[in-house]
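The values are calculated or read from the model by the stated rules, or taken from the named source; none is laboratory data. What you see is a predicted model; the values in this text were computed from it and never measured. Neighbour counts are summed over all protein chains in view; Cβ atoms, including those assigned to glycine, are modelled from backbone coordinates with ideal geometry. Areas reflect the complete protein model, heavy atoms only, side chains present, ligands, DNA and RNA absent. Shrake-Rupley method; radii C 1.70, N 1.55, O 1.52, S 1.80 Å.
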Amino acid sequence: MRIALVVHKFPPASVGGTEVYTLNLARALARRGHEVFVFYRDDGRAEGRGAGIWEEREGFRAFRVARRFHPSSASLLECFWNTFWNPDVEEAFERFLRETRPDVVHFQHLKDLSYRLIASAKGRGLRAILTLHDYWFLCGNAQLIWPDGRTCRGKALGLNCARCALEGRLPPFAAQGLRPVAAVLMQIRDHLVRRAALHADQLIAPSRFLIQQYVRAGFSAERMVYLENGVDVERIRRYPRRPSLDGCLRFAYIGALAWQKGVHIAVEAFRGLPADRAILRVYGDPTLFPEYVKHLYRLADLQNTRFEGPVPNEAIGEVLAGIDVLLVPSLWYENSPVVIQEAMAAGVPVIASDLGALAEKVRPGINGWLCPPGEAQAWRACILRILGDPSWRQGLRMEESQVLSIDEHASRLEHIYHA
């Protein structure tokens, strides 16, 4: 079978959960004998507006499209359209389809690509599958979280969406004046991307919580299939666990250094903890949100907190082999963070926010603990309980955690592709 995977970004330039999952899926499908092609956007190595370049990857081929789009020099309206409508990307996609002639197109994300790509595939008579990795088809920022840290309380005819979109981009008085116009634009955007999603033959979601959110927004439950993300279990487990030599418990955060991820909650929870008993290693790219990273440095107790920089995906197993507990302090409705699945595969328990789909993935007493989102003192209390219990690991039942391998995941997808 000839399979096309479409994603907004892709490794090595971007190593978010959706991108890493797509890379692992491409490899797995290729191992199973399929011809696999990946379509993605990367402006960092732009060859020209809408230009496409073929790349030879590990068992598959990738088509990189670039736009030479620079948000710093673009107007607010241009930045808005860029997030979901790019005619030059559509032209590159048409070329991609002509050259690959796929049997099925599996869309992972359309952010910064174009909402019309699904209709384009369907117009050629191709099967189109869409995996919902977040809330982008319901929410312009894809995360259903407001700038003040509260989870979304509703659109209010687009006025709340407009407030989120304009926050920090204009002086308050100007943003307030543009809010009604922006609300109309956000409603148009929502209508277009929603209609695009409904063009797909099948919708897949890696969490039941996300399915509930989409059904609540009017999507048909019958169109949804629950399928957990698969992870490359073999690549993770090739690294044997490295026990702590001095008895100090090693906690870690691995992911984007963004405020929605709640990294500051973990950092604040560690302030004052004895460095000979617990350390926190923060892994993430400090260049994406430099002002937030400066805030993290000011907040951190540098006696017990270390900023380790980004982790190449190929090294995630090695990093997990040297930690005792993973922290996932997200403030938004996470769907199915790949890093949690990777931690489970490595036998590492997780402390996560009791929010969204995280409560599906982390089961207290089995593979970790749940804490109230945004409450640093509650997180600190949980960490102290672990430190005060020498038998904490024996109290867990990690062997009961079900981790879906990427190969088994690919096998299940094959049935969906053929259905």
Tell me the net charge near Glu414. Cut-off is 14 Å between Cβ atoms, Glu414 excluded, with +1 for each Lys or Arg and -1 for each Asp or Glu. +1
So, how do all the Cα-to-Cα distances of the chain break down into 20 Å bins, in percent, from 0 on up? 25, 58, 17, 0
Using a Gaussian network model of the chain with C-alpha springs under 10 Å, which one of Val15, Val89, Val215 is most mobile by mean-square fluctuation? Val215
Point-to-point label distance, Glu56-Leu77, nm (Cα→Cβ direction, 7 Å offset): 4.6 nm
State log₁₀ I(q)/I(0) for the stretch 130-182 at q = 0.27 Å⁻¹ as given by the Debye formula over alpha-carbon point scatterers of equal weight, solvent excluded. -1.09
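Can you tell me how the stretch 236-338 classifies by the Cα gyration tensor, rounded, prolate or oblate, using a/c under 1.5 as the rounded cut?
Taking the square roots of the gyration eigenvalues as a ≥ b ≥ c, the stretch 236-338 is oblate.
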Once the in-chain neighbours fewer than 8 apart are removed, the lysines whose Cα is under 20 Å from Lys9 read Lys111, Lys261
Sequence gap at least 6, Cα distance under 8 Å: using those rules, report the relative contact order of the chain to the nearest whole percent. 14 percent
So what's the gap between the Cα centers of the stretch 107-183 and the stretch 292-314, to the nearest angstrom? 30 Å
To the nearest Å², the heavy-atom accessible area per residue of the stretch 244-399 with 1.4 Å probe amounts to 39 Å²
Over the Cα atoms of the stretch 114-228, what radius of gyration and what Dmax do you get, in Å? 15.7, 49
Can you pull the percent of the stretch 296-419's accessible area that's carbon plus sulfur, 1.4 Å probe, other chains left in place? 50 percent
Amide H to amide H, which residues 5 or more places from Phe307 or on other chains are under 5 Å from it, using H placed in the peptide plane? Val282
Grab the alpha carbons of the stretch 310-389, take their convex hull, and tell me the volume per residue in Å³. 99 Å³
What percentages make up the Cα-Cα pair-distance distribution of the stretch 60-110 when the bins are 10 Å wide from 0? 19, 48, 25, 8
What does the charge count near Leu257 come to, summing +1 for each Lys or Arg and -1 for each Asp or Glu among other residues with Cβ under 15 Å from its Cβ? +1
Under a Gaussian network model of the chain whose springs join Cα atoms within less than 10 Å, the largest fluctuation of Leu77, Leu203, Leu97 belongs to Leu77
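Where Lys and Arg each count +1 and Asp and Glu each count -1, what net charge lies around Gln108 among other residues with Cβ under 11 Å from its Cβ?
0
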Determine ³J(HN,Hα), in whole Hz, for all residues of the stretch 65-77 in sequence, where each value follows from phi through the Karplus function 6.51 cos²θ - 1.76 cosθ + 1.60 and θ = phi - 60°; x replaces Gly and Pro. 10, 10, 10, 6, 9, 10, x, 5, 9, 8, 6, 4, 5
